[in-house]
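Trainee: I have a structure I would like to understand better, so I am pasting it below and will then ask my questions one at a time.
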Amino acid sequence: METKYFRTKTTVSFINYHFVFCPKYRRKIFLIPHVEERFKELTREACEALRIEILAMECHKDHVHLFLKCWPSQSPAEIMKKIKGASSHALRDEFPRLSGMSSLWTRSYFVSTAGNVSSETIKWYVDTQKTRG
């Protein structure tokens, strides 16, 4: 994977988030025909609007994995709110089997940062700042 930094006038960043989230009650919504394709389309649109790059996206029968390159001004909570909100409303409107649900997604999610340098390397770099020439 190519290291491509996001740049603004005042920042250079490399922020990748791995998200995992589930439908409410771990319902197997992605077994319903065309739900997965529509979810991915809605997620691409939401990410495009936020100027987020999708590095990987996959749905299993009852959960989603997203690997996203984000801007430093975007919090994981904000990103999840936009993606879950946009997809929940549209999917419940478009698919009769989902229309009776009061909400599609749980409020919870997993998020982890990922980059091209390990945590151990960064710790070593910080710890050795005073001893390096």
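Trainee: For segment 46-61, enumerate the residues that are in a helix (DSSP H, G or I) and either in contact with a strand residue (DSSP E or B) (Cβ under 9 Å, 6 or more places away or on another chain) or farther than 16 Å from Ser88 by Cα (or both).
Mentor: Cys47, Glu48, Ala49, Leu50
Trainee: Name the residue, out of Thr10, Thr43, that is β-branched (Val, Ile, Thr) and assigned to a helix (DSSP H, G or I).
Mentor: Values: Thr10 fails: assigned to a helix (DSSP H, G or I).
Answer to the selection: Thr43.
Trainee: Can you name the residue in segment 84-106 that is in a helix (DSSP H, G or I) and in contact with a Phe, Trp or Tyr (Cβ under 8 Å, 6 or more places away or on another chain) and, of all such residues, is nearest to Ile15 (Cα to Cα)? Before the answer, list the steps.
Mentor: Just the residues of segment 84-106 that are in a helix (DSSP H, G or I), to begin with: 84-94, 96-98.
Then keep just the ones that are in contact with a Phe, Trp or Tyr (Cβ under 8 Å, 6 or more places away or on another chain); that gives 84, 87-88, 91.
Numbers: Lys84: 20, Ser87: 23, Ser88: 26, Leu91: 29 Å.
Here the residue is Lys84.
Trainee: Could you tell me which residue of segment 7-27 is surrounded by the most Cβ atoms within 10 Å (Cβ to Cβ), considering only residues that are among the β-branched types (Val, Ile, Thr) and over 14 Å from Glu58 (Cα atoms)? Walk me through it before giving the result.
Mentor: If we filter segment 7-27 for residues that are among the β-branched types (Val, Ile, Thr), which is where we start, we get 8, 10-12, 15, 20.
Imposing the further condition that a residue be over 14 Å from Glu58 (Cα atoms) reduces the set to 8, 10-12, 15.
On the way: Thr8: 10, Thr10: 6, Thr11: 11, Val12: 9, Ile15: 17.
The residue in question is Ile15.
Trainee: Among the listed residues Lys84, Lys69, identify the single one that is under 20 Å from Val20 (Cα atoms), touching a residue at least 60 places away in the same chain (Cβ under 8 Å), in contact with an Asp or Glu (Cβ under 9 Å, 6 or more places away or on another chain) and charged (D, E, K, R).
Mentor: Unique residue meeting the criteria: Lys69.
Trainee: Filter segment 107-133 down to the residues that are more than 22 Å from Val12 (Cβ to Cβ), more than 13 Å from the chain's Cα centre (by Cα) and not in a loop (DSSP other than H, G, I, E, B) and list them by number.
Mentor: Those that are more than 22 Å from Val12 (Cβ to Cβ), more than 13 Å from the chain's Cα centre (by Cα) and not in a loop (DSSP other than H, G, I, E, B): Glu120, Asp127.
Trainee: So which residues in segment 30-49 are hydrophobic (A, V, I, L, M, F, W, C) and surrounded by 15 or more Cβ atoms within 10 Å (Cβ to Cβ), if there are any at all? Let's see the steps before the verdict.
Mentor: Residues of segment 30-49 that are hydrophobic (A, V, I, L, M, F, W, C), as a first pass: 30-32, 35, 39, 42, 46-47, 49.
Correct list: Phe30, Ile32, Val35, Phe39, Leu42, Ala46, Cys47.
Trainee: Now for a separate question. Could you list, in sequence order, the residues of segment 28-40 that are closer than 12 Å to Asp62 by Cα and not in a helix (DSSP H, G or I)?
Mentor: Filtering segment 28-40 for residues closer than 12 Å to Asp62 by Cα gives 28-32, 35-36.
Of everything in segment 28-40, those that are closer than 12 Å to Asp62 by Cα and not in a helix (DSSP H, G or I) turn out to be Lys28, Ile32.
Values quoted throughout were computed directly from the atomic coordinates according to the rules given, and no laboratory measurement underlies them. What you see is a predicted model, and the numbers here were worked out from it, not measured in a lab. Methodologically, a virtual Cβ is constructed for each residue, glycine included, from the backbone with ideal geometry; neighbour enumeration extends over all protein chains shown.
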